[in-house]
Amino acid sequence: MKYIDLHCDTLCMAFETRDENIFDRPQFMVDINRLKKAGVLAQFFAIYMPPVEWIHNIKSNCSDDEFIDELYATLCNAIAQHPDDIAWAKNAVDMENNAKAGKVSAFLTIEDGRSILGSFEKFDKYYDMGVRLVSLTHNYENCFGYPNSTDSKVMNAGLKPFGREAVEYMNEKGIIIDVSHLSDGGFRDVMELSKKPIVASHSCARALTPHQRNLTDEMIKAMATKGGVCGINFCPLFVTSEDISGEKWIEDSKLEDIVRHVMHLYNVGGSDFVAIGTDFDGIGGKLDIASPLDMDKLFDALLRNGLSSTDVEKIAYKNAERLIRETLK
């Protein structure tokens, strides 16, 4: 079944391996070849902003701007070299035209807006590059606000003044607001301020796996009421049914646990709420679903769990498609 994936970190993998060929890379979780074979409608490629020390271990003295430019160039080159397989998309019309031509749509995103540095000029630059989704924070404080945290003071901190202004800017400009990684206080502010649906591009349900990265039922209901969408994350730590207290390493991402989270998001948020946000190439461990070619395992399991083919299609692509149509210009 065709699907839309709202988050992968493949561009960062290309940077880490110093190999910008992302067409046929079986050592990655995602490459263009498998996206095409799997019938993927659209892949959201994240420019994930790792710690500066990590970047410098790969490329000495590389600034955030240089890092972003390099990952952007990797995607540009891949599209230029494989024009029959993949094409840029900046809105729903682009995605529809690409699908008619048999091409995967590539959406560009930024995960952690720290490099924006409180500048709307910088925001405009990224928009002109093609960025159509921004995850406001990752795991550290930045110009927008504060991250998810086990520290209750940090977790309850709201958006900074620039973050509040940025919500209105993103609504008007046509950039999807992503609350994955954001503090609970920041989430509440976004929900209050945004006039358009928002996304948790790669998150799961906190009621099932009590990790601070996951969404509470209250969050799920609030997002769903305003037309938002959550892309289910396949990370072992976020879907596990094991006890995650202490320092225990969680290795397995089991299909049954992913299905558990999908069904919870579906039951709490409704049939229009759940989407796919794999976090491929940003996660590790023993994954039952480890590439685009494995995705039918999930869709078949959801059908076995009693969902209709209509609802599974919504989860696979129609909910994300609606979000794109309602938020991007």
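Per-structure values
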item: Heavy-atom accessible area ranking, 1.4 Å probe, most first, across Thr310, Thr109, Thr150; result: Thr150, Thr310, Thr109
item: Gain in span if fully extended, Lys329 to Asp151, counting 0.36 nm per residue against the direct Cα distance; result: 60.3 nm
item: Extension gain (nm, one decimal) between Ser308 and Lys286, 0.36 nm per residue minus Cα-Cα; result: 5.0 nm
item: The range 214-329 - convex hull of the alpha-carbon atoms, volume per residue in Å³; result: 115
item: Cα→Cβ-extended label distance, 7 Å offset, between Ser241 and Asp300, nm; result: 2.0
item: Rounded accessible area of Leu323 (nearest 10 Å², 1.4 Å probe); result: 0
item: Virtual spin-label span in nm between Thr225 and Ser63, 7 Å along Cα→Cβ; result: 4.4
item: Two-site label geometry, Val93 and Thr17: point separation in nm, points 7 Å out along Cα→Cβ; result: 3.7
item: Farthest toward positive dipole pole in the chain [+1 Lys/Arg, -1 Asp/Glu at C-beta], among Asn171, Tyr72, Tyr48; result: Asn171
item: Solvent-accessible surface ranking, highest first, for Asp65, Asp9 at 1.4 angstrom; result: Asp65, Asp9
item: Neighbourhood net charge (9 Å Cβ-Cβ; Lys/Arg +1, Asp/Glu -1) for Phe234; result: -2
item: Reachable lysines from Lys286, criterion Cα separation under 20 angstrom, eight or more residues apart if same chain; result: Lys248, Lys254, Lys297
item: Magnitude of the charge dipole, the range 170-281, Cβ model with Lys/Arg +1 and Asp/Glu -1, debye to 20; result: 480
item: Asp252 long-range amide H proximity, modeled H, under 5 Å; result: Lys286
item: The range 95-116 and the range 293-327: distance between their alpha carbon centers, rounded to Å; result: 19
item: Cβ charges +1 (Lys, Arg) and -1 (Asp, Glu), total dipole of the range 37-196, debye; result: 380
item: Rounded accessible area of Leu35 (nearest 10 Å², 1.4 Å probe); result: 0
item: Carbon plus sulfur fraction of accessible area for the chain, probe 1.4 Å, in percent; result: 48
item: For q = 0.15, 0.16 Å⁻¹, Debye-computed log10 I/I(0) when each Cα of the range 1-103 counts as one equal scatterer; result: -0.62, -0.70
item: Part-to-part distance (alpha-carbon centres) for the range 211-234 and the range 1-35, which is given in Å; result: 26
item: Environment charge of Ile79, counting only residues whose C-beta is closer than 10 Å and scoring Lys/Arg +1, Asp/Glu -1; result: 0
item: Nearest-20 debye value, the chain charge dipole, Cβ charges on Lys, Arg, Asp, Glu; result: 880
item: The chain, accessible area per residue, ligands and nucleic acids excluded (1.4 Å, Å²); result: 39
item: Proximal lysines to Lys103, defined as alpha-carbon separation beneath 17 angstrom and excluding residues fewer than eight positions away on the same chain; result: Lys2, Lys36, Lys37, Lys90
item: Rounded to the nearest 10 Å², the accessible area of Arg164 at probe 1.4 Å; result: 90
item: For the range 78-94 versus the range 177-194, the gap between their alpha-carbon centres in whole angstrom; result: 30
item: Amide H partners (placed H, <5 Å) of Gly231, local residues excluded; result: Ala200, Ser201, His202, Ser203, Ala275
item: Ratio Rg/Rh, restricted to the chain and using Cα atoms, in which Rh is the Kirkwood radius; result: 0.93
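The values are calculated or read from the model by the stated rules, or taken from the named source; none is laboratory data. For clarity, every value in this text was computed on a predicted model and none was experimentally measured. Backbone-built Cβ (ideal geometry, glycine too); neighbour counts: all protein chains shown. Accessible surface is based on the protein model in full, side chains and every heavy atom, while ligands, DNA and RNA are left aside. Shrake-Rupley method; radii C 1.70, N 1.55, O 1.52, S 1.80 Å.
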